1. Which residue, of 70, 124, is open to solvent by less than 20 Å² (accessible area, probe 1.4 Å) and at positive phi?
2. Which ranges mark the strands (runs of 3 or more DSSP E) fully within segment 146-210 that have 3 or more residues being open to solvent by 10 Å² or more (accessible area, probe 1.4 Å)?
3. How many of the residues making up segment 364-385 are farther than 21 Å from residue 99 by Cβ and under 23 Å from the mean Cα position of the chain (by Cα)?
4. Do we have residue 74 as of a type in the set (Lys, Arg), within 19 Å of residue 250 (Cα to Cα) and at pLDDT 95 or above here?
5. Given the residues 129, 183, which is the only one that is more than 24 Å from the chain's Cα centre (by Cα) and touching a residue at least 24 places away in the same chain (Cβ under 8 Å)?
6. Tally the residues that are open to solvent by 90 Å² or more (accessible area, probe 1.4 Å) and touching a residue at least 12 places away in the same chain (Cβ under 8 Å), restricting the search to segment 8-27.
7. Please give the number of the condition residue 304 fails out of (1) open to solvent by 80 Å² or more (accessible area, probe 1.4 Å); (2) part of a helix (DSSP H, G or I).
Amino acid sequence: MSQSLINIAGLTEEQRMMREGVLDLLSRHLPWEKVRKMDEAREFPHEAYNALAEAGYLGIFYPEELGGMGGSYKDIAVFLETLGYYYTGIAQAVTTSAIYAGMHVAKFGSPELKQEIIPKIVSGQAKLALAMSEPGTGSDVAGIKTSAVRDGDEYVINGSKVWITCAHVADYLVAIVKTDTQARHNGISTILVPTKAEGLTIRPLSMLGRRTSHANEVFFDNVRVPASNLFGGEGQAWKNIMKALGLERLGLAAISAGHCFKITEYARDYAHDRIQFGKPISQFQVIQHKLADMMIMAETARQMTFRVADLLDGGFPVVQEASIAKIVATENNFKCADIGMQIMGGAGYSNEYDMQMFFRDSRVGPIGGGTSEIQRNIIAKQMAL
């Protein structure tokens, strides 16, 4: 294995041990040759996911009273950076269940719902997916049309969702629905839907990247769930979603920062081995500067991410900082992949090498989890523009 470019100075001894442990576990349960095959087959990394759960790593997101480890935000950032560094697919698989969907239950669920669901997420017994985007409403969450109508002790759900990551392997959907179709923000509620519920159909989508934890369409046709499955308060989902965004954007930034380092190392190693004009191309200043730019982008993404983690650990709001980190890390991730492909030339464009997968996997960053354009809108608002 080539020398890592990630500087672990500043990490605690526990964080260093966690990083080493995660990388060792993944190298055994998700060796890189397997990643390539699973990417081509669009196969979810069940073995690695279960191994992470069995080792207790999925508990880092949750408090001890819910069966978790009570990790700090910095711990979470280091963990997700490590997953993103190894392979973004396993990172997305973990965050989809543990943060994007599971954190809604952990923060806003009833005591009974928390005790039922969160320990299952931690142990790997249950996977969750967040069902929010719809065919006509991506960035405009308040415009969703999927309805949940109260009928006695049940809600009846009708509508459809799209781009729902990992829904095909989920046991439960955290569905964002309209309980008041006449209202916008105040008409949105959150409801837990078992994926085995009658009338629920999940259809996989063929995506450009992140193929092992791909997106899906979800259709609700008179799906009935107990009224007690609605949580966080009727009409309160918008406010609750806003409260969860800091951690979500921290997670996205951390994964992208880790991926920047992976891409940079891969391109550097290729440049060392590739001989042109009688010497390795790594000796040409034009290549050195490209790699230096990639390193700058990787380190900048990391610093932005850790800044957000430090603020969250200090109890400070991170609206602007989280949006900046998400933009910088995800856009740098794609830029790194683009430059890496240029360094490798035809080899980078070939399926025989992994750079094409890094390129594909990185492109979703500025789109998913709130587009770069939406993040810039948020920053502009914070600037009183």
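1. None of the others qualify; the one that does is 124.
2. 147-151, 154-161, 200-204
3. Matching residues across segment 364-385 total 4.
4. When the stated conditions are applied, residue 74 passes them.
5. 183
6. Of the residues in that region, 1 qualify.
7. (1)
For (1) acidic (Asp, Glu); (2) over 27 Å from residue 332 (Cβ atoms); (3) crowded, with 21+ Cβ neighbours inside 10 Å; (4) in contact with a helix residue (DSSP H, G or I) (Cβ under 7 Å, 6 or more places away or on another chain), each residue gets a yes or a no:
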site	(1), (2), (3), (4)
224	no, yes, no, no
236	no, yes, no, no
248	yes, no, no, yes
257	no, no, yes, yes
261	no, no, yes, yes
279	no, yes, no, no
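The values are calculated or read from the model by the stated rules, or taken from the named source; none is laboratory data. The shown structure was predicted, so the numbers you read here are calculated from the model rather than taken from an experiment. All Cβ positions, glycine included, derive from the backbone under ideal geometry; neighbour counts span all protein chains shown. Accessible surface is based on the protein model in full, side chains and every heavy atom, while ligands, DNA and RNA are left aside. Shrake-Rupley method; radii C 1.70, N 1.55, O 1.52, S 1.80 Å.
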